[in-house]
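**Q** Got a structure for you, questions after.
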Amino acid sequence: MMVFDYPMEKMSVYVSDDGGSELTLFAFMEAARFARHWLPFCRENKIQERCPEAYFGSLDGEQSKEMKDLYEEMKGKIERAVMQGCVTDDLLDGEDARIALEKYWTAGFTRRDHPAVIEVLLESSVDVDITGHPLPNLVYISREKKRGVDHHFKAGALNVLMRASATMTNAPVLLTLDCDMICNDPQALQRALCHLLDPNEEASPKIAFVQFPQRFRGVDKHDIYDNEFSSIFRINPIGLDGLGCTNHVGTGCFFRWRALHGPPSSVPMHTNSNCSERCGKMINSEAILRMAHDVASCDYEHGTKWGLEIGFWYGSLVEDFYTGYQLNCEGWKSVFCDPDEPAFLGDVPSRLNDVLSQHKRWMIGLLEVAFSKHNPLIYFIKTNPIAGFTTPSFLSGAFP
Ligand SMILES: O=c1ccn([C@@H]2O[C@H](COP(=O)(O)OP(=O)(O)O[C@H]3O[C@H](CO)[C@@H](O)[C@H](O)[C@H]3O)[C@@H](O)[C@H]2O)c(=O)[nH]1
Ligand SMILES: [Mn+2]
C-alpha cells in the first residue's frame, strides 16, 4: 500500500493491530526502515509487483541481490522475534524503538485489556527515502481494549481507524485492506479516483465506495473448497454494478469519507473535521497524539451514533455486507471495478477446518442481518428500492 503511484506525501497508511502485539509493532518498525530503500527501488525499476515477498518469490526477484539481501535481513529479524516470542535488545535498532515498546508493553498488558497504543513510524513531513523523496505517513494503532467492553470486532477496529486518521491526517478517501491481502497494482488508487472524482459523471459525487473484487493467491485449479467464491466476488457484482449498488466485500475498497457519515443529502460537501486543531501540527506532536488516543479509547463511542449511523455498522459479523447495504439504502451509489490485472490479492484458508469456520462466521453474520429490522427482504422497500437488488446476492451468500 505504501507503493501506490501517487504523491507519497499525500498518503497515510494506518495499521490496526487488534492482537495488541509488540511483535507486530516491531515488524512495522523494520518495514518502515526497509521502505526507505524499497520505495525508490520500485519507482526506479518500474516494478509492478510491489509486495516484496511476492516480488522476490517470482523470477524478477533475481534482479537485485543487494535489495534481496536487505529484505532477507529484515525478514530474518522479524522471524527471530516471532520464534523468541519477544523483541530482545539485540534486534532493536536504537534507543527510540526500545522506549516505544517499553512505554506500552508493561506488566498488566494483555491482548484483551490494554490502553490504546499509537506509534507514528514514518511522518511524511520529515521522513524521506534514500533518494530524498518524502515517504508516506505510517502509523501503528492498537485500540484500547477492556474486559467486558464490547469491541465489535473488525467494524469496531475500522471505526477507530476512521476517527484516529481523521484527527491525524483527515483524508477524503479511505482504502480498507485486510491483513491477508497485498496490493498488486500500483495504479489501483487512480482507478478508484477516476470513479469518485469524475467531473463528467453526474452521479460521481454520490458514489460512496469503489469495490475491487476479492481475488486470491495460491488457489489451485481444482479449488476444492471453492475459495474463489466467484458468484459473490465477481459474478453478482457485475450485475449489481449496473444498478449502482454493488456489495461491499470487506477489503480492497475505496470509500468516500463523507459517505460513512450519513446520507448524501445530510452531509455537507466538504466535511473537514477538526482542521483548526490539526493545522500546522506534526502528527507525532503531543496534542495530536492525545486526540488520537482519546478517539481510540473504549469509552469514546458510548452514547454516540458510531456503528449505528456513522462509520461501519455494528450488529453483524459480516460488517462489510451490512455497511455497504446500509449505504445503498441511504441513497449512496457503489461501483465494482474489476481490471484484468487483479488490483489486490488475498490469501485463502487452506484447511477444511478454517474454511468451515470462515463460512460459519459469514452465515452467522448474514443471519444476524436477516433477523434484524434491516432484513434485506423488506427494509429496502422503505428506503431505496434499488438496494433491494442486493437481496439475491444476500441469499446466495447465505445459502451458497
Ligand atoms: O476482531 C477483529 C477481527 C478481524 N479483524 C480484521 O478483519 C480482517 C478480516 O479477517 P479475516 O480473518 O481475514 O476474515 P475473512 O473471513 O477472511 O474475511 C472476510 O469476511 C469478513 C467478514 O465479512 C470481511 O470483513 C473481510 O474483509 C473478508 O475478507 C483481518 O484483517 C483482521 O485483522 C479485526 O481487525 N478485528
Ligand atoms: Mn481473510
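The values are calculated or read from the model by the stated rules, or taken from the named source; none is laboratory data. For clarity, every value in this text was computed on a predicted model and none was experimentally measured. Ideal geometry is used to build each Cβ from the backbone, glycine not excepted, and the neighbour counts take in all protein chains shown. For accessibility, only protein heavy atoms count, side chains too; no ligands or nucleic acids. Shrake-Rupley method; radii C 1.70, N 1.55, O 1.52, S 1.80 Å.
**Q** For the range 334-351, does any single residue satisfy the condition of being hydroxyl-bearing (S, T, Y), part of a loop (DSSP other than H, G, I, E, B) and closer than 24 Å to L161 by Cβ? Spell out how you get there, then give the answer.
**A** Step one: of the range 334-351, the residues hydroxyl-bearing (S, T, Y) are 334, 350.
Adding the requirement that they be part of a loop (DSSP other than H, G, I, E, B) leaves 350.
Subsequent filtering for residues that are closer than 24 Å to L161 by Cβ retains none.
No, because not a single residue in the range 334-351 is hydroxyl-bearing (S, T, Y), part of a loop (DSSP other than H, G, I, E, B) and closer than 24 Å to L161 by Cβ.
**Q** Yes or no: the range 333-355 includes at least one residue that is under 18 Å from S230 (Cα atoms), away from ligand 1 (no atom under 15 Å from the Cβ) and open to solvent by 50 Å² or more (accessible area, probe 1.4 Å).
**A** Looking for residues that are under 18 Å from S230 (Cα atoms), away from ligand 1 (no atom under 15 Å from the Cβ) and open to solvent by 50 Å² or more (accessible area, probe 1.4 Å), one finds at least one in the range 333-355, hence yes.
**Q** Here's something else I'd like to know. State whether the residues of the range 308-317 include one that is within 23 Å of the chain's Cα centre (by Cα), part of a helix (DSSP H, G or I) and modelled with pLDDT of 95 or more.
**A** No, because not a single residue in the range 308-317 is within 23 Å of the chain's Cα centre (by Cα), part of a helix (DSSP H, G or I) and modelled with pLDDT of 95 or more.
**Q** Whether any residue in the range 255-273 is within 19 Å of V139 (Cβ to Cβ) and modelled with pLDDT under 65 is what I want to check.
**A** yes
**Q** While we're on this one: On the given criteria, is D241 free of Cβ contacts under 8 Å to residues at least 60 places away in the same chain and away from ligand 1 (no atom under 14 Å from the Cβ)?
**A** So D241 does not fit the description; no.
**Q** Which condition breaks for L366 when tested against (1) modelled with pLDDT of 90 or more; (2) near ligand 1 (Cβ under 10 Å from one of its atoms)?
**A** So the condition that L366 fails would be (1).
**Q** Tally the residues that are touching a strand residue (DSSP E or B) at 6+ places or on another chain (Cβ under 7 Å) and either buried (at least 20 other Cβ atoms within 10 Å of the Cβ) or closer than 10 Å to A343 by Cβ (or both), restricting the search to the range 163-176.
**A** 6
**Q** Please go through the range 276-331 and give me each residue that is closer than 24 Å to G148 by Cα and of a type in the set (S, T, N, Q), ordered by number.
**A** S297, T304, S316
**Q** Restricting the search to the range 177-197, which residues are among the hydrophobic types (A, V, I, L, M, F, W, C) and either under 12 Å from E341 (Cβ atoms) or in contact with a Pro (Cβ under 8 Å, 6 or more places away or on another chain) (or both)?
**A** C183, A188 - these are the residues of the range 177-197 that are among the hydrophobic types (A, V, I, L, M, F, W, C) and either under 12 Å from E341 (Cβ atoms) or in contact with a Pro (Cβ under 8 Å, 6 or more places away or on another chain) (or both).
**Q** Going by the structure shown, is K146 within 16 Å of ligand 1 (Cβ to nearest atom), open to solvent by 40 Å² or more (accessible area, probe 1.4 Å) and more than 22 Å from the chain's Cα centre (by Cα)?
**A** yes
**Q** If the Cβ limit is 7 Å and pairs must be 6+ apart or interchain, which residue in the range 71-94 that is of a type in the set (S, T, Y) pairs with which residue that is open to solvent by less than 50 Å² (accessible area, probe 1.4 Å) and not in a loop (DSSP other than H, G, I, E, B)?
**A** Y71/F34; Y71/P52; Y71/F56
**Q** Filter the range 26-45 down to the residues that are open to solvent by less than 30 Å² (accessible area, probe 1.4 Å) and either in contact with a Ser or Thr (Cβ under 8 Å, 6 or more places away or on another chain) or not in a helix (DSSP H, G or I) (or both) and list them by number.
**A** P40, F41
**Q** Going by the conditions given, is R98 of a type in the set (K, R) and over 24 Å from the mean Cα position of the chain (by Cα)?
**A** Judged against the criteria, R98 is a match.
**Q** Okay, moving on. Can you tell me which residues in the range 97-124 are part of a loop (DSSP other than H, G, I, E, B) and open to solvent by 90 Å² or more (accessible area, probe 1.4 Å)? Don't jump to the end; show me each part of the working.
**A** Taking the range 97-124 first, the residues part of a loop (DSSP other than H, G, I, E, B) are 105-109, 111-112, 115-116, 123-124.
The answer is A107, R111, R112.
**Q** I would also like to ask the following. If we keep just the residues of the range 318-333 that are over 26 Å from H359 (Cβ atoms) and part of a loop (DSSP other than H, G, I, E, B), which is farthest from ligand 2 (Cβ to nearest atom)?
**A** G331
**Q** What is the residue count in the range 46-96 for residues that are modelled with pLDDT of 90 or more, surrounded by 11 or more Cβ atoms within 10 Å (Cβ to Cβ) and of a type in the set (S, T, N, Q)?
**A** Residues flagged as modelled with pLDDT of 90 or more, surrounded by 11 or more Cβ atoms within 10 Å (Cβ to Cβ) and of a type in the set (S, T, N, Q) within the range 46-96 amount to 1.
**Q** Take the range 212-237 and flag every residue that is within 23 Å of the chain's Cα centre (by Cα), more than 11 Å from ligand 1 (Cβ to nearest atom) and among the β-branched types (V, I, T).
**A** V219 - this is the single residue of the range 212-237 that is within 23 Å of the chain's Cα centre (by Cα), more than 11 Å from ligand 1 (Cβ to nearest atom) and among the β-branched types (V, I, T).
**Q** Out of Y14, Y6, which single residue is buried (at least 18 other Cβ atoms within 10 Å of the Cβ) and either farther than 20 Å from C86 by Cβ or within 18 Å of the chain's Cα centre (by Cα) (or both)?
**A** On the way: Y6 fails: buried (at least 18 other Cβ atoms within 10 Å of the Cβ).
Checking each option against the conditions leaves just Y14.
**Q** Let me ask something else. Filter the range 18-50 down to residues that are under 19 Å from the mean Cα position of the chain (by Cα) and either within 16 Å of ligand 2 (Cβ to nearest atom) or free of Cβ contacts under 8 Å to residues at least 40 places away in the same chain (or both), then give me how many there are.
**A** 2
**Q** Identify, please: which residue in the range 365-376 is away from ligand 2 (no atom under 16 Å from the Cβ) and assigned to a helix (DSSP H, G or I) and is, among those, nearest to F233 (Cα to Cα)?
**A** Among them, the one singled out is L366.
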